[in-house]
Amino acid sequence: MHRRCFLKSLAATPAACLAHLPLMSEEAFAQQRGDAAQPEPFKPSEGANNPIGESTAIHPGRVVWARDPEATSWDGSTGRWWDDAHTDQRAVNRMISWLLQQGTGMKNDKQAWDALFRHFNQTHRLGNAGYRRGEKIAIKINCNQDRSPEWGVPPQSPAGRRPRPPQNGLPSPHVVLGLLAQLIEVAGVPGEDIVVYEVASGRNIGGPIVERVRANPDRNFQRVRFVVNNDQGLGGRIAPMPDKNNPIHFSGPEMPVAYLPQQVTEAKYMINVALLRPHGMAGVTLIGKNHFGSLYFPEQGWTPVPLHPYVSRNQAMGSYNALVDLMAHRHLGGKTFLYMLDGLYTAEHNEGNVFRFASFGEQWASSLLLSQDPVALDSVGLDILSAEPKATQVRGNADNYLHEAALVGKPQSGTRYDPAKTGSPPASLGVHEHWNNATEKKYSRNLGRKVGIELIASV
């Protein structure tokens, strides 16, 4: 790229420059723009238990956190962490069940799913209705590092770059299977109504996930659709098609319009299953950043590259953040009725190996988190990661997007976030605050207040 064009892209990223941006990795982009200089470790810009924003969940601000070390038994060298021998599917299933019941306050899983669907429809003025056969559900997972047909086999690396580690952070196949089993066997959703997707160029949904799902003899599991970019070779997966009738108009200056897969826009509901993971450019990759794998730019294809300058941890607090546009868009955050963070085996950063947490006694994170509130969930995820000494990439202003999202109607940046051009952006996308300390892990509602986050944790 011409140096002058690159420098301009960091400030405004005009469309003329974006057309020439290479499809580089997030790690390479961070190094090129100077993020490799490492800003200071993350420190909240506001004090503990100082909530902002509003939550519309069944139980406002509720986040539930299940941690079970028995779910993760890998010794760090024998086989792979995603092998059945090293992740207990039954333990994962119990964790998901507990999360659903605690998150909704219901006595069983079936009631929990019905409550989630009905709450979504009621808050979207669609009546007191549960799930109805034929209504599509899109599940977004984070396969940022799923770059080879077989997990654990590093793909050929570009000249001058190190091979990708064979044990890097990927979605747990057992979490994906456990969630699908809940939808199919408990909520009564037919397999043909479910799509699991990751469409960024160069990414895949690997065999350990797809094969584990299709190994179930129930035909509903066979009919679940997996959507990936066709540059990976489909292998029974489906290629995405951009829906040009539903653009994303980013609120930053001179940014190009993006589009979503038709498989997403035709869905009525969405579940966002992100990773609990530090990130070398953004500080963290949680719910907000998961939709980097949902975007099509006409001049560049299926890629999030045009957004990179607008999500950096080096951005000042109170600046525009592109993640907020994704969280606010009617076909993304607007149709998401459930958010989950997969933290069974957490990687040290977006390009790194899985690691044991010093803050958990040198054990795997072994965690799953759930909420109806994406801002609250990412706030808790950020607190967990920032309290971990080994999570060294959690730096700079990693929470800027959470402040912008919590106050999206009147953000500190002054940005008018309206990515679908509805003319009526929401006042808040959820509630943000930081816990009192990493030992007690208490938020405002845990301390008896009627505002802020409530954390229910089996830790």
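From the residues THR392, GLY452, SER367, which one has its Cα farthest along the dipole of the range 356-459 in the positive direction, the dipole being from +1 and -1 charges on Cβ of Lys/Arg and Asp/Glu about the Cα centre?
Projecting each Cα onto the dipole axis, the largest value belongs to GLY452.
Which FRET efficiency value, to the nearest 0.05, is calculated for ASN50 and GLN262 with the Förster distance at 56 angstrom and r the Cβ-Cβ distance? If you can, show how the numbers build up before the last one.
Details: r = 42 Å, r/R0 = 0.75.
After rounding, the FRET efficiency stands at 0.85.
Among VAL210, LEU99, TYR197, whose Cα projects farthest towards the positive end of the dipole of the chain, with charges put on the beta-carbon of Lys, Arg (+1) and Asp, Glu (-1)?
TYR197
Quick one: compute the contact order of the range 288-438, relative version, from alpha carbon pairs under 8 angstrom and 6+ residues apart, as a percent.
26 percent
When you count, for each residue, the other Cβ atoms within 10 Å and take the mean per peptide, how do 38-51, 255-268 rank with the highest first?
So the order, starting with the most tightly packed, is 255-268, 38-51.
Loop only per DSSP, at most 14 neighbouring Cβ atoms within 10 Å: give me the GluC sites (Glu not before Pro) in the range 327-371, ordered by residue number.
Qualifying residues, ordered by number: GLU362.
Normalised by the number of residues in the chain, what is the relative contact order in percent for Cα pairs under 8 Å and 6+ residues apart? Don't skip to the answer; put the middle values down first.
Numbers: 1031 pairs, mean separation 108.6, N = 459.
Relative contact order, the chain: 24 percent.
Enumerate the lysines that LYS244 could reach by cross-link, defined here as Cα to Cα under 16 Å, with residues fewer than 8 away along the same chain left out.
Answer for LYS244, where 16 Å is the Cα cut-off: LYS421, listed by chain and number.
Which value, in debye to the nearest 20, describes the size of the charge dipole of the chain about its Cα centre when Lys and Arg Cβ atoms bear +1, Asp and Glu Cβ atoms bear -1, and nothing else is charged?
Roughly 720 debye, rounded to the nearest 20.
Rounded, prolate or oblate: which one fits the range 313-407, using the alpha carbon gyration tensor with axes a ≥ b ≥ c (rounded when a/c is under 1.5, else prolate when a/b beats b/c, else oblate)?
Numbers: a/c = 2.33, a/b = 1.44, b/c = 1.61.
Oblate.
Which trypsin sites (Lys or Arg not before Pro) in the range 375-434 sit in a loop by DSSP (not H, G, I, E or B) and have at most 12 other Cβ atoms within 10 Å of their own Cβ?
ARG416, LYS421
Starting from the Cα gyration tensor of the range 37-79, take the square roots of the eigenvalues, sort them a ≥ b ≥ c, and report rounded, prolate or oblate (rounded when a/c is under 1.5, otherwise prolate if a/b is larger than b/c, else oblate).
Because a/c hits 1.5 or more and a/b fails to exceed b/c, the range 37-79 counts as oblate.
Which log10 I(q)/I(0) values does the range 3-458 give at q = 0.06, 0.09, 0.12 Å⁻¹ under the Debye formula, counting every alpha carbon as one identical point scatterer?
-0.22, -0.52, -1.00
Of ASN321, LEU183, TYR417, which is farthest on the positive side of the dipole of the chain, counting Cα position, with +1 on Lys and Arg Cβ, -1 on Asp and Glu Cβ, and the Cα centre as origin?
Towards the positive end, the residue furthest out is TYR417.
Given the -39500 (n - 2.57) contribution per DSSP H run of 4+ residues, what per-residue ellipticity at 222 nm results for the chain, rounded to the nearest 500 deg cm²/dmol?
Theoretical 222 nm ellipticity from helices: -6500 deg cm²/dmol.
Grab the alpha carbons of the range 189-276, take their convex hull, and tell me the volume per residue in Å³.
So the per-residue Cα hull volume is 136 Å³.
Sort the following peptides by mean Cβ neighbour count (other Cβ atoms within 10 Å, averaged over residues), highest first: 183-190, 380-387, 331-338. The partial results should precede the final answer.
Details: 183-190: 18.2, 380-387: 24.0, 331-338: 21.8.
Peptide ranking by packing, descending: 380-387, 331-338, 183-190.
Bear in mind these aren't lab numbers, they're just calculated from the coordinates by the rules spelled out. These numbers come from a predicted model, not from an experiment. Cβ: placed from backbone, ideal geometry, glycine included. Neighbour counts: every protein chain shown.
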